[in-house]
Amino acid sequence: MEAHYPFSLPPLPYGYDALLPDIGERTLHFHHDKHFQTYVDNLNKLLENHPELRDWPLERLVQEWPRLPEDIRQGVRNNAGGVYNHDLYFRTLAPGPVTSPMGPLGDAVARDFGDLEGLRTAMKNAALGQFGSGWAWLVSDSEGRLSVVKTPNQDAPLPLVPLLLCDVWEHAYYLDYQNRRPDYFEGWWRKVDWPGVSRAYDALLENRPRRAQ
Ligand code: MN
């Protein structure tokens, strides 16, 4: 993802048929090429007439939208969030085989959720418990402690560090699963790129602020 304006659509990191049978080709074409593209275009349009915001990184727009001028505040909230969330969503999925958390992330999942099944249950409860559109997230604080949260619409849980997220907008699953959000969750879970998510957690631990001894 670009550091700042103008943002552009990153390519899908795998083929459109790579997530079959859990997530279908038509879903990926619409979700990535249409929905994600629209968030990118809308965000650029909102920033077009605000040169003072053009060097703001995406993460800053996502976190500091309440400080923005009123005419673009809600639009940036929705569309910067949409860009940030979808970029991470597609990058944290991968073609099979099914994997599981590795190294320090595996240890942290055991510590904070009991085991991988405990994390799956917490994520599923968040995904199914989000009324209407939104997201379920696995996040870390700056010390590496994990938790699961949900957000409405395109809100993101920053400054907590997102590791993994399940899109529960109907556009993410309706073509494949119609109204069966629980079945979509199971398909999504099978396609999580745990090696990649584990590497992101390693990087977070390496960069965490050092505590004074
Ligand atoms: Mn989406």
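The values are calculated or read from the model by the stated rules, or taken from the named source; none is laboratory data. In this text, all values refer to a predicted model and were calculated from it rather than measured experimentally. All Cβ positions, even for glycine, are placed from backbone atoms using ideal geometry, and neighbour counts span all protein chains on display. Note: accessible area is taken over every heavy atom of the protein model, side chains too, but ligands, DNA and RNA are not part of it. Shrake-Rupley method; radii C 1.70, N 1.55, O 1.52, S 1.80 Å.
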Can you give me the span-like helices of the chain, meaning DSSP H runs with 27 Å or more of Cα extent along the axis and Kyte-Doolittle mean at or above 1.0? none
Given the Cα-Cα distance of R26 and S133 and 0.36 nm per residue of separation, how much length would full extension add, in nm? 36.5 nm
Listed residues H86, H171 arranged by accessible area, highest first, probe 1.4 Å: H171, H86
Once phi is turned into θ = phi - 60°, what whole-Hz ³J(HN,Hα) does the Karplus curve with 6.51, -1.76 and 1.60 give for every residue of region 167-176, x standing for Gly and Pro? 6, 10, 5, 4, 5, 6, 9, 5, 5, 8
How big is the Cα convex hull of region 25-91 in projection, averaged over all directions, in nm²? 4.5 nm²
Modelled label reach - L116, point 7 Å along Cα→Cβ, region 167-192 residues with backbone N closer than 16 Å: 186-192
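Over the alpha-carbon set of the chain, divide Rg by the Kirkwood Rh and report the Rg/Rh ratio to two decimals.
Numbers: Rg = 17.2 Å, Rh = 17.8 Å.
On the Cα set of the chain, Rg over Rh gives 0.96.
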Could you state, as a whole-number percent, how many of the C-alpha pairs of region 1-59 are farther apart than 15 Å? 55 percent
Below 8 Å between Cα atoms, with a sequence gap of 6+, how large is the relative contact order for the chain in percent? 24 percent
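Report the semi-axes of the equivalent ellipsoid for region 103-207 in whole Å, largest first, where each axis is √(5λ) for an eigenvalue λ of the Cα gyration tensor. Intermediate values should be presented prior to the final figure.
Details: eigenvalues 115, 42, 28 Å².
Working from the Cα gyration tensor, I get semi-axes of 24, 15, 12 Å.
Given R₀ = 45 Å, what would the calculated FRET efficiency be for R145 paired with D55, taking r from the Cβ atoms and rounding to 0.05? Walk me through the numbers before you get to the answer.
Values: r = 32 Å, r/R0 = 0.72.
The calculated FRET efficiency here is 0.90.
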If amide H atoms are modeled at 1.01 Å from N in the peptide plane, then the residues at a separation of 5 or more from L93, or on another chain, having amide H under 5 Å from its own are D193
Cβ-Cβ FRET estimate between Y16 and E70, R0 fixed at 35 Å, reported to 0.05: 0.35
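Ignoring ligands, DNA and RNA, what percent of the 1.4 Å accessible area of the chain is carbon and sulfur? Please report the intermediate quantities before stating the final value.
Details: 5320 of 10360 Å².
Of the solvent-accessible surface of the chain, carbon and sulfur hold 51 percent.
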